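First the structure, in the form of structure tokens, and then the observations on it.
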Amino acid sequence: MDIENLSLRQLQNLEQYIPGLNRFPSRFLVTDYSKFIEILYKDIDDIIYQIQENPELRQNDGEDRLTIDIRDQLRRLGYDASHDSKFGGHADLLVKKGNFTWIGEAKIHSSYNYLWEGFLQLTTRYSTGDSNQRDGGIFIYIRQKNANAIIEKWKNHLLSKELPDYTYEECENRELSFFSTHIHIGSGRDFRIKHMPVILYFQPQDKSGRSKSEKKN
């Protein structure tokens, strides 16, 4: 088979067998909103895994620096992605394909009230909840230990807010992430948010790791 002569549609059928295609055909050909969101989340998960590979280098990175790194990698994949764009305010991450729009808010975890403010920014300021932007996301940059416990407490915090028709479900592709859905205050329709922890905890306990950490401090 001469791969150079295959159409994008034919290459799309081969994505699972040729990792180097990196979902490019599907990303390029997508015309359905739900499929756009599905592919975007797979790409974002891959980017998060890469960022988590070197937490020791990111201890002083702020929310903007971390989010710009995500934006830059999305751009390399061909997305129309921007940071701090004017969209009902200054959205941390805006991803577009034609009329499809996805908005991400980013917070370095310090308290659950701080995360809640990010949730309100996303749902009451930046998004419309219309049919072309029924989904959004929250990046939760975590430098504390036990990200799983932090996310469980965040779930309970959201439950306590008694949002209209609020539900949540686990993410099948990444266990630490989860989806929440509630009625968007603007559109009156379901609005789904993916809550995505980014694990940046770095406190090595081995002798070599301790000495390096002490030198940095």
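Structure above, values below:
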item	result
Whole-Å semi-axes of the ellipsoid equivalent to the stretch 31-213 (Cα gyration tensor, √5λ, descending)	28, 20, 14
About the Cα centre, charge dipole magnitude for the stretch 85-136 (Lys/Arg +1, Asp/Glu -1 at Cβ), debye	160 debye
Cβ-Cβ FRET estimate between Ser110 and Ser187, R0 fixed at 22 Å, reported to 0.05	0.10
Paired Rg and Dmax values of the stretch 69-117, which use every Cα atom, in angstrom	12.2, 36
For the stretch 25-145, size of Cβ-based charge dipole, Lys and Arg +1, Asp and Glu -1, in debye	140 debye
Cα-based equivalent ellipsoid, the stretch 153-209: semi-axes from gyration tensor eigenvalues, Å	33, 12, 9
Pairs beyond 26 Å (Cα-Cα), from Lys107/Lys207; Lys97/Lys161; Lys145/Lys194; Lys145/Lys207; Lys42/Lys96; Lys107/Lys145	Lys107/Lys207; Lys97/Lys161
Mean Cβ count within 10 Å, highest first, over the residues of peptides 40-50, 133-143, 60-70	133-143, 40-50, 60-70
The stretch 114-175 - Debye-derived log10 I(q)/I(0), Cα point model, q = 0.16, 0.19, 0.25, 0.26 Å⁻¹	-0.64, -0.91, -1.41, -1.45
Per residue accessible area of the stretch 31-213, 1.4 Å probe, in Å²	49 Å²
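The values are calculated or read from the model by the stated rules, or taken from the named source; none is laboratory data. Not measured: the values here are computed from a predicted model. Glycine gets a Cβ as well: all are built from the backbone with ideal geometry, and neighbour counts include every protein chain shown. In case anyone asks, the SASA skips ligands and DNA or RNA and just uses the protein heavy atoms, side chains included. Shrake-Rupley method; radii C 1.70, N 1.55, O 1.52, S 1.80 Å.
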